[in-house]
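Engineer: Would you mind keeping the following structure in view while I ask a few things?
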Amino acid sequence: MPLTLSSAPGSTAPLAPTSIRQLSQEDAAHLLRRTSFGATPAEIEALVGRTPTQAAEALMTYPQTLEASNFDPLSAVNAGAAGKLIQAAWMWEMLYTPYPLRERLALVWSNHFVVANDKVRNVHALQDYLALLRGHGLGRFSEFALSVARSPAMLHYLDNDQNRKGKPNENFSRELLELFTAGIGTPDQPNYTEKDVREGARGLTGWSFQGGRNQVKDFAEQPRFVALPKQHDDGSKTYLGKAGNFTPEDIVRMAAAHPATPTRIAGKLWAAFVSSTPDPAGIAALAQTFQSSGGELRTVMHSLLTSDAFYGEANRLSLYRSPVEYVVGAVRAMGRPNLGEKAVLGLVGTTARMGQELLHPPTVKGWDGGREWINDSALLLRMQAAAALTLGNNAPKGETLTPLSTLGKADGLNRALSGLNDKQRAYLMLISPEYQLI
């Protein structure tokens with residue numbers, strides 16, 4: 001059965017509040033598949049009868065505390081081993097946290113404000129970066145961008161720690177505009193110029209960090225952000241049509257305030273939570289919410305998760321599961337059975353082979369995602385992962401998977417599943433085209 005996506009959204013106003021008054025089973029399953037990787041029938045049932053607003057607010061209310069695990073990267077003997085333990089600790093958190101939307105958002109933002117552990121190679125820098133993603137995922141976007149720009153992980157990854165007066169390094173300045181805020185624009189109407197990149201680099205001089213620079217000896221040392229006034233170019237710059245003696249904070253805030261930034265961020269959230277097919281009207285409406293709220297991501301997400309577009313039939317099963325969403329969704333739908341450390345490390349390796357290694361995207365642009373997740377070799381790896389989770393001798397002993405918990409419909413694949421035992425049914429559901437989509 002070929003994988004297909006839903007057609008263009010319906011004719012109702014794209015970000016109008018949903019007409020759904022109370023969530024049905026299938027509405028609740030849809031919401032949890034999109035926001036929580038996956039859920040058990042009991043977790044789905046707990047949302048039935050709630051309004052979309054009540055359900056969204058419950059999901060968006062969470063602390064920053066993490067689940068205890070035995071993955072301690074500070075115990076590692078080298079930076080490479082420490083990186084593997086950080087990946088495993090994050091996988092553990094996604095599998096077992098009671099607050100899955102926090103981790104789902106962190107995963108989305110890690111593919112926006114991209115860093116890679118093979119270059120950063122410092123325990124605290126990577127852990128602090130993840131904490132920023134979690135802590136700012138529903139905050140004000142401009143403050144999010146500023147915090148990431150000051151983080152040792154980003155300073156090192158895009159070389160802004162090497163950006164000094166008289167010797168500007170343009171890497172971060174370019175990606176700040178191209179990827180993190182405004183976007184390139186079109187050939188006829190670019191959102192910035194090469195001069196903006198050069199002048200932005202001048203404005204961003206003088207930010208660096210101390211500690212943890214020796215990645216062989218000091219990979220476990222805590223790096224600390226520092227501003228170096230003598231290394232900052234305090235001369236006049238012209239940036240995005242404005243002139244002044246701009247500081248690094250000024251440059252980041254001006255990029256975040258670019259008129260094209262709301263549309264770019266709205267498009268990212270649309271692609272992560274609504275549909276792999278862009279809808280200009282829906283994205284424009286979401287961008288207007290971003291703009292009118294001053295970039296408050298909580299307001300934007302509330303509008304999205306309570307909208308007609310989110311719950312509309314045309315946008316259901318319209319997103320491709322990434323490898324991480326695939327395995328985490330399956331385990332969470334099983335009721336989060338207890339997996340040993342070796343099994344969790346195995347899942348990290350499994351998702352890497354499928355094309356999504358946590359904290360190691362292929363480029364600063366991140367993963368393209370969408371239809372790119374699905375090809376012959378990826379589907380074969382998904383079949384192997386499904387077999388290990390359901391049919392293998394070491395398969396997790398969790399709750400029985402159901403069509404509601406995996407496919408979002410209480411009666412999904414009934415004819416195909418009849419006559420099979422629980423393990424066979426679970427395997428067939430996990431390899432079905434419907435499970436590859438959310």
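Engineer: Report yes if some residue within the stretch 17-36 is touching a strand residue (DSSP E or B) at 6+ places or on another chain (Cβ under 8 Å) and open to solvent by 10 Å² or more (accessible area, probe 1.4 Å); otherwise report no.
Structural biologist: For the stretch 17-36, residues touching a strand residue (DSSP E or B) at 6+ places or on another chain (Cβ under 8 Å) and open to solvent by 10 Å² or more (accessible area, probe 1.4 Å): present.
Engineer: Given (1) open to solvent by less than 20 Å² (accessible area, probe 1.4 Å); (2) assigned to a helix (DSSP H, G or I); (3) at pLDDT 95 or above, where does residue 358 come up short, assuming only one miss?
Structural biologist: The failed condition is (2).
Engineer: For the stretch 168-175, indicate whether the set of residues that are out of contact with any Asp or Glu (no Cβ under 8 Å at 6 or more places or on another chain), basic (Lys, Arg) and closer than 13 Å to residue 201 by Cα is non-empty.
Structural biologist: Yes, there is a match, as at least one residue in the stretch 168-175 is out of contact with any Asp or Glu (no Cβ under 8 Å at 6 or more places or on another chain), basic (Lys, Arg) and closer than 13 Å to residue 201 by Cα.
Engineer: Taking the criterion of being out of contact with any Gly (no Cβ under 8 Å at 6 or more places or on another chain), over 23 Å from residue 112 (Cβ atoms), touching a residue at least 12 places away in the same chain (Cβ under 8 Å) and buried (at least 21 other Cβ atoms within 10 Å of the Cβ), would at least one residue in the stretch 212-232 satisfy it?
Structural biologist: Scanning the stretch 212-232, I find at least one residue that is out of contact with any Gly (no Cβ under 8 Å at 6 or more places or on another chain), over 23 Å from residue 112 (Cβ atoms), touching a residue at least 12 places away in the same chain (Cβ under 8 Å) and buried (at least 21 other Cβ atoms within 10 Å of the Cβ), so the answer is yes.
Engineer: Sticking with this one: Test residue 132 against the criterion of being of a type in the set (A, V, I, L, M), surrounded by 23 or more Cβ atoms within 10 Å (Cβ to Cβ), on the phi < 0 side of the Ramachandran plot and under 16 Å from the mean Cα position of the chain (by Cα), and give yes or no.
Structural biologist: In short, no.
Engineer: Next up: Take the residues in the stretch 77-98 that are in contact (Cβ under 8 Å) with a residue 60 or more places away in the chain and more than 16 Å from residue 134 (Cβ to Cβ), then tell me which one is surrounded by the fewest Cβ atoms within 10 Å (Cβ to Cβ).
Structural biologist: Checking each candidate, the answer is 78.
Engineer: Given (1) more than 29 Å from the chain's Cα centre (by Cα); (2) modelled with pLDDT of 95 or more; (3) charged (D, E, K, R), identify the lone condition not met by residue 217.
Structural biologist: So residue 217 meets the others, but not (2).
Engineer: Counting just the residues of the stretch 220-233 that are within 16 Å of residue 160 (Cα to Cα) and not in a helix (DSSP H, G or I), which one comes out farthest from the chain's Cα centre (by Cα)?
Structural biologist: Per the stated criteria, the residue is 233.
Engineer: Another one. Among the residues of the stretch 101-129, which ones are open to solvent by 10 Å² or more (accessible area, probe 1.4 Å), more than 16 Å from residue 82 (Cβ to Cβ) and part of a loop (DSSP other than H, G, I, E, B)?
Structural biologist: 111
Engineer: Okay, next question. Quick check on my filter: what residues within the stretch 327-338 are open to solvent by less than 20 Å² (accessible area, probe 1.4 Å) and assigned to a loop (DSSP other than H, G, I, E, B)? If you could, list the steps in order and put the result at the bottom.
Structural biologist: Going through the stretch 327-338, the residues open to solvent by less than 20 Å² (accessible area, probe 1.4 Å) turn out to be 327-334, 337.
Selection gives 334, 337.
Engineer: Of everything in the stretch 202-214 that's at pLDDT 95 or above and over 27 Å from the mean Cα position of the chain (by Cα), which residue is farthest from residue 177 (Cα to Cα)?
Structural biologist: 211
Engineer: A further question on this structure: Restricted to the stretch 130-166, and to residues that are among the basic types (Lys, Arg) and assigned to a helix (DSSP H, G or I), which residue is nearest to residue 107 (Cα to Cα)? Can you show your working first?
Structural biologist: First pass over the stretch 130-166, keeping only residues among the basic types (Lys, Arg): 134, 140, 150, 164-165.
Then keep just the ones that are assigned to a helix (DSSP H, G or I); that gives 134, 150.
On the way: 134: 9, 150: 20 Å.
Residue satisfying both the conditions and the ranking: 134.
Engineer: Assuming residue 169 fulfils every condition listed in (1) in a loop (DSSP other than H, G, I, E, B); (2) farther than 19 Å from residue 246 by Cβ apart from one, which condition is it?
Structural biologist: Among (1) in a loop (DSSP other than H, G, I, E, B); (2) farther than 19 Å from residue 246 by Cβ, residue 169 violates only (2).
Engineer: If you check residue 195 against the conditions, is it open to solvent by 60 Å² or more (accessible area, probe 1.4 Å), among the basic types (Lys, Arg) and either more than 22 Å from residue 114 (Cβ to Cβ) or under 29 Å from the mean Cα position of the chain (by Cα) (or both)?
Structural biologist: For residue 195, the condition - open to solvent by 60 Å² or more (accessible area, probe 1.4 Å), among the basic types (Lys, Arg) and either more than 22 Å from residue 114 (Cβ to Cβ) or under 29 Å from the mean Cα position of the chain (by Cα) (or both) - is met.
The values are calculated or read from the model by the stated rules, or taken from the named source; none is laboratory data. Keep in mind the model is a prediction, meaning the values are calculated, not measured. Methodologically, a virtual Cβ is constructed for each residue, glycine included, from the backbone with ideal geometry; neighbour enumeration extends over all protein chains shown. Note: accessible area is taken over every heavy atom of the protein model, side chains too, but ligands, DNA and RNA are not part of it. Shrake-Rupley method; radii C 1.70, N 1.55, O 1.52, S 1.80 Å.
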